[in-house]
Amino acid sequence: MRDWLQRNVLRPPRDHREEMLRFVVVGGCGYVLAMALYAGEIALGVSAYAAVPPVFVANGLFNFTLNRHWSFPRSGRAVHRELGRFTVVAAASLIVNYVALYLLHGVGGLAAVPAQALAVVIATPVGFLGSKFFSFAQSGAETAR
């Protein structure tokens, strides 16, 4: 069983489709975690907008860890450099998320939890593309090999 896991699940991704599939699996797990935390905050009376940052940080750390170790090939950078790059991508994604949340909830009148669920989906392409081509992109030394 362990050998099968090593050969089929834990190995580096083979191609872009496999990276995207792994990113979606990690993101789906993070999405469930984030929405549960967000719904809990809303139930406790936290405002729709104030509830986003703590959830975003928790979900970001979860996604960073799993994407770094499973979704994308090694970049050749130190973890703190990748985390710095991931933070830039996360900030861009957070901006898209907030704009979508404002439009869906604040302007459109959609309830907070479904609005946030849609806002996360809208911001997801920013996260994938930023992660693939910036956060976890191979460094020049690594791609020269």
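From the list 92, 111, 51, the one residue that fits, being in contact with a helix residue (DSSP H, G or I) (Cβ under 9 Å, 6 or more places away or on another chain), exposed (fewer than 14 other Cβ atoms within 10 Å of the Cβ), farther than 25 Å from residue 9 by Cα and among the aliphatic types (A, V, I, L, M), is 111. Of the residues 89, 52, 99, 107, the single one that is aliphatic (A, V, I, L, M) and within 22 Å of residue 18 (Cα to Cα) is 89. In the range 22-48, the qualifying residues are those that are more than 11 Å from the chain's Cα centre (by Cα) and loosely packed, with under 13 Cβ neighbours inside 10 Å, and the one that is nearest to residue 88 (Cα to Cα) is 32. At least 3 residues being of a type in the set (Phe, Trp, Tyr) and within 28 Å of residue 7 (Cβ to Cβ) is the threshold, and among the helices (runs of 4 or more DSSP H) wholly inside the range 28-145 not one reaches it.
Taking each residue of the range 5-24 that is part of a helix (DSSP H, G or I) and looking for partners that are surrounded by 13 or more Cβ atoms within 10 Å (Cβ to Cβ) and among the polar types (S, T, N, Q) with beta-carbon atoms closer than 8 Å, six or more apart or interchain, yields 19/71; 22/67; 22/71; 23/67; 23/71; 23/131.
Candidates are the residues of the range 88-107 that are at pLDDT 95 or above and out of contact with any Phe, Trp or Tyr (no Cβ under 9 Å at 6 or more places or on another chain); the one that is nearest to residue 130 (Cα to Cα) is 92. Among residues of the range 40-63 that are touching a residue at least 12 places away in the same chain (Cβ under 8 Å), none has a Cβ under 6 angstrom from a residue that is surrounded by fewer than 14 Cβ atoms within 10 Å (Cβ to Cβ) and of a type in the set (Ser, Thr, Tyr) at a sequence gap of 6+ or on a separate chain.
The values are calculated or read from the model by the stated rules, or taken from the named source; none is laboratory data. Remember, predicted model here, so these are calculated numbers, not experimental data. When we count neighbours, we look across all protein chains shown, and the Cβ atoms used for this are built from the backbone with ideal geometry, even at glycine.
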